[in-house]
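Remarks on the structure that follows.
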Amino acid sequence: MTSVYVDNNATTKVAPEVFAAMEPFFCEMYGNPSSMHSIGGSVGPKLKAARAQVANLIGAQPDEIIFTSCGTESDSTAIHAALAVDPAKRHIVTSRVEHPAIGSLAGTLSKQGYRITEIPVDGDGCLDMNLLEESLTPDTAIVSIMWANNETGVIFPVEKIAAMCRQRGITFHTDAVQAVGKLPINLALSSIDMLSLSGHKLHAPKGIGALYVRKGTKFSPFMIGGHQEKGRRAGTENVPGIIALGKACELAGENLTKENTVVKKLRDRLESELIRLIPDAKVNGTIKTRTPNTSNISFANIEGESILLMLNEFGICASSGSACTSGSLEPSHVMRAMGVPFTMAHGSIRFSLSIYNSEADVDRIIKELPPIVKRLRELSPFS
Ligand code: PLP
């Protein structure tokens with residue numbers, strides 16, 4: 001039985017073209033780019049080309065890109081940089097639905113004495129923009145709001161928020177890990193100061209990410225050591241990862257239209273058919289502004305984990321939006337922030353598609369899921 005993989009917001013398959021591009025950098029071009037000899041020296045121009053490929057996807061200049069190990073490192077670097085360059089400012093604004101890469105960091109910083117404002121969202125997962133604007137003060141060091149939510153796909157008006165911050169001289173960072181490669185991004189025309197992205201969400205391998213830092217933004221490195229990345233991120237470069245990220249960004253640019261037509265159509269068909277065939281099912285998050293690949297659906301009165309286990313028996317790999325990774329049965333912080341009722345939040349499933357999904361994949365889910373939900377409801381003490 002072939003698998004149907006619809007958990008692309010968790011991680012993606014490495015594109016064959018990406019794998020082919022990075023492969024020579026393991027056993028042939030394995031030199032350290034800082035070395036003087038030919039094996040090392042030949043790597044430098046390749047890194048330069050990869051940096052340009054990444055910059056090109058998001059409308060940045062190559063020297064505005066800093067390679068990191070992942071989205072989490074990019075997020076941490078951005079926040080720590082803003083706090084370090086202006087130590088007198090002790091206030092951070094973020095949202096209640098951030099990924100733990102920002103959310104847990106904010107919790108830790110709060111214990112260290114920083115004041116954190118977490119902007120709430122409404123039942124559709126949309127930010128309270130008035131509250132956001134009111135929360136900006138002369139003491140605010142950084143505003144960090146994700147571009148698109150990983151659980152629901154809901155897109156936030158980051159350009160608008162960045163402009164608000166720019167007017168007040170506040171640094172704005174966005175965690176765009178779920179947006180890059182799915183939405184058109186042109187930083188040349190925006191007020192965004194810093195942006196995080198992650199390779200493994202766009203068909204590059206795990207262990208490579210990037211942080212965009214707008215030219216002129218005050219910056220302080222998080223990783224201290226060697227002179228790599230012009231002193232902005234020490235540590236010998238992950239050369240195969242960087243080459244892979246460059247290639248993945250090039251492909252993502254080429255596939256952007258496909259993401260927003262073919263993938264979106266697949267997602268829409270999957271979603272509308274599941275809602276039509278399964279009673280008491282509801283989409284979480286506004287359908288007006290969403291990434292094209294994500295659908296988060298609650299099935300009343302059953303547990304998401306049970307659905308996932310049964311889907312897995314049919315070779316279908318999705319994800320539960322309801323429980324956190326610790327295995328607790330508490331609904332996720334995103335569902336709680338949206339005020340999704342307990343009986344619905346527990347039964348939420350996230351389907352996240354990619355360009356590698358097909359109509360046949362959607363057919364399989366539409367065929368297998370309705371009877372699974374029916375069976376679980378028959379067994380459920382809540383029904
Ligand atoms: N931010 C968001 C919105 C994410 O979805 C993720 C991963 O799921 C991350 C940050 C962390 O990225 P990484 O796994 O590359 O550290």
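Key figures
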item	result
For the range 13-51 versus the range 257-297, the gap between their alpha-carbon centres in whole angstrom	39
Cα-centred dipole magnitude for the chain, charges only on beta-carbon of K, R (+1) and D, E (-1), debye, nearest 20	520
Gained length - ASP280 relative to PHE26, 0.36 nm times residue gap less alpha-carbon distance	86.3 nm
Per-pair calculated FRET efficiency, R0 = 45 Å: SER35 and ALA360 via Cβ, rounded to 0.05	0.40
Sum of side-chain charges, TYR212 neighbourhood, beta-carbon under 13 Å (Lys, Arg +1; Asp, Glu -1)	-1
0 to 90° range, to nearest 10: angle between helix 158-168 axis and the chain longest Cα axis	50
Cut-off 14 Å between beta-carbons: net charge of the residues surrounding ALA281, Lys and Arg +1, Asp and Glu -1	+2
Peptides 29-41, 176-188 ordered by average Cβ neighbours within 10 Å, highest first	176-188, 29-41
Ranked packing of 133-139, 86-92, 237-243, most packed first, by mean Cβ within 10 Å	237-243, 86-92, 133-139
Mean separation of Cα contacts under 8 Å, 6 or more apart, over the residue count of the chain: relative contact order %	22
Of VAL18, ILE287, ALA88, farthest towards positive along the dipole that unit charges on Lys, Arg, Asp, Glu beta carbons give the chain	ALA88
Difference of contour (0.36 nm per residue) and Cα-Cα distance, ASP139 to GLN61	25.1 nm
Peptide ranges 246-255, 121-130 listed from the most packed, as the mean C-beta count within 10 angstrom indicates	246-255, 121-130
Whole-Hz couplings from phi, Karplus 6.51/-1.76/1.60, listed for the range 267-284; x for Gly and Pro	4, 5, 5, 4, 5, 5, 5, 5, 5, 5, 8, 10, x, 6, 10, 9, 6, 9
Angle between the chain longest axis and helix 239-258 axis [Cα atoms, degrees, rounded to 10]	50
MRE, 222 nm, helices only [DSSP H, n ≥ 4, -39500 (n - 2.57), over the chain, to nearest 500]	-11500 deg cm²/dmol
Relative contact order (%) - the range 237-383, alpha-carbon pairs under 8 angstrom, separation at least six	28
Summed side-chain charge close to LEU251 - residues other than LEU251 whose Cβ falls under 15 Å, Lys, Arg +1, Asp, Glu -1	+1
At R0 = 25 Å, FRET efficiency that the Cβ-Cβ distance of THR236 and THR11 yields, to 0.05	0.55
³J(HN,Hα) computed for each position of the range 118-125 - Karplus, 6.51 cos²θ - 1.76 cosθ + 1.60, integer Hz, glycine/proline x	9, 6, x, 10, 8, x, 8, x
Over 29 Å between alpha carbons, listed pairs LYS48/LYS111; LYS282/LYS367; LYS215/LYS264; LYS89/LYS288; LYS89/LYS206	LYS48/LYS111; LYS215/LYS264; LYS89/LYS288; LYS89/LYS206
Rounded tilt (10° steps) of 304-313 against the dominant C-alpha axis of the chain	90
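Read-outs: derived from the displayed coordinates by stated rules, not from any lab. Because the structure is predicted, anything quoted here is derived from the model rather than measured. Methodologically, a virtual Cβ is constructed for each residue, glycine included, from the backbone with ideal geometry; neighbour enumeration extends over all protein chains shown.
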